[in-house]
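In what follows, a single structure is set out as C-alpha cells and then discussed.
The values are calculated or read from the model by the stated rules, or taken from the named source; none is laboratory data. Since the model is a prediction, treat every value here as computed from it, not as a measurement. Cβ coordinates were reconstructed from backbone atoms using ideal geometry, including for glycine residues, and neighbour counts include every protein chain displayed. In case anyone asks, the SASA skips ligands and DNA or RNA and just uses the protein heavy atoms, side chains included. Shrake-Rupley method; radii C 1.70, N 1.55, O 1.52, S 1.80 Å.
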Amino acid sequence: MKESKRTFKTDGVDETIKFGERLGMLLLPGAVLALIGELGAGKTALAKGIVRGLGVTDMRAVKSPTFALVHKYEGRIPIYHFDAYRLKGSEEMLHIGSDEMIYGNGVALVEWADNVSGCLPQEYLKITLTAVSENERNIEICGYGNRYDEIINNLS
C-alpha cells in the first residue's frame, strides 16, 4: 500500500491545537488516527484540536484518558479517544472492546498507538509528534490508504 507523508511545524500549544482543529474538520466517519510521540510531545494538545474540529465545544472535557483508557465525545461524528500508554499490547486493547470503536462509524484517536499497533486497521493516519524545542513541534503525518491522501493534501 502506498503511503503519503508530510511534515508540519507548530510553535506552541495554541498552534498545535489549531493544527488539530484543521485536521478534525477534514475527518470523515471511520477515520483512525494513530498518535505517536514521547511524553510532552503534544499528543493531547493535538487531540484537543481534532476534537474541536469535529464539533465538540467544551475543551475541558478533553484530557488524556490514561486511567479510563478511552473517552467518548459527541461531535458531528462520535469520537473515541484512547490512551494506550499503560497497555502492554494489542490484546489488552482488544479486551476493552476497542475493535468495535476503531472499526465503527466514529473517529478513533489512539494516543501511544505504537504500543497497540496490532489493533490498527490496514488504512489509518499515523501522526508522529516530536519536540524540537520547548514550544516547537514537528508533526509528521503519514497516510496509509487513499482516503488519507486528500486529508494530507488539504492540510497543506
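Observations on the structure shown:
- Selection status of residue 153, farther than 22 Å from residue 62 by Cα, at pLDDT below 90 and polar (S, T, N, Q): no
- Enumeration of residues in the range 4-20 that are of a type in the set (S, T, N, Q) and under 13 Å from residue 52 (Cα atoms): 16
- Residues in the range 73-106 that are in contact with a helix residue (DSSP H, G or I) (Cβ under 8 Å, 6 or more places away or on another chain), open to solvent by less than 40 Å² (accessible area, probe 1.4 Å) and not hydroxyl-bearing (Ser, Thr, Tyr): 75, 79, 81, 82, 84, 87, 89, 93, 102.
- The lone exception for residue 56 - which of (1) at pLDDT 90 or above; (2) within 25 Å of residue 4 (Cα to Cα) it fails: (2)
- Within the range 110-142, if we keep just the residues that are charged (D, E, K, R), at pLDDT 95 or above and surrounded by 20 or more Cβ atoms within 10 Å (Cβ to Cβ), the residue that is nearest to residue 70 (Cα to Cα) turns out to be 126.
- Residue that is farthest from residue 35 (Cα to Cα) [pool: residues in the range 5-14 that are touching a residue at least 24 places away in the same chain (Cβ under 8 Å) and not in a strand (DSSP E or B)]: 12
- Every test in (1) modelled with pLDDT of 85 or more; (2) in a loop (DSSP other than H, G, I, E, B); (3) surrounded by fewer than 18 Cβ atoms within 10 Å (Cβ to Cβ) is passed by residue 41 save one, and that test is (3).
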